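Just so it is clear, none of the values below were taken in a lab; they were calculated from the coordinates. None of these values were measured; they are calculated from a predicted model. All Cβ positions, even for glycine, are placed from backbone atoms using ideal geometry, and neighbour counts span all protein chains on display.
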């Protein structure tokens with residue numbers, strides 16, 4: 001009985017170790033694929049002289065920052081709209097900002 005339990009415990013540890021090794025190998029493989037893709041994509045840029053390379057890299061950085069800022073501002077605006085709608089519903093106000101729905105209900 002104890003021998004069976006020890007055997008099961010060893011098998012469980014072996015499976016856990018194999019799973020961790022597989023996860024680590026998968027992460028390493030995906031990372032290397034990503035790096036290879038980036039290297040291939042940047043190959044034409046890396047063939048440029050040093051000064052145009054720097055200009056291109058600076059432009060890419062600015063473009064990326066611009067997109068990140070745009071997405072961030074868009075998300076902030078969506079949160080504001082959601083909070084505003086939630087506040088109106090909780091306060092009992094009508095969701096229509098012009099009050100047209102109130103006027104039609106009173107008629």
Estimated FRET transfer efficiency (residue 58, residue 21; beta-carbon r; R0 35 Å; 0.05): 0.25
Two-site label geometry, residue 47 and residue 28: point separation in nm, points 7 Å out along Cα→Cβ: 3.3
Cβ-Cβ FRET estimate between residue 69 and residue 14, R0 fixed at 41 Å, reported to 0.05: 0.25
Viscosity 1.002 mPa s, 20 °C: Kirkwood-radius Stokes-Einstein D of segment 1-94 over Cα pairs, µm²/s: 109
Dimensionless Rg/Rh of segment 1-41 - Kirkwood Rh, Rg from C-alpha atoms: 1.43
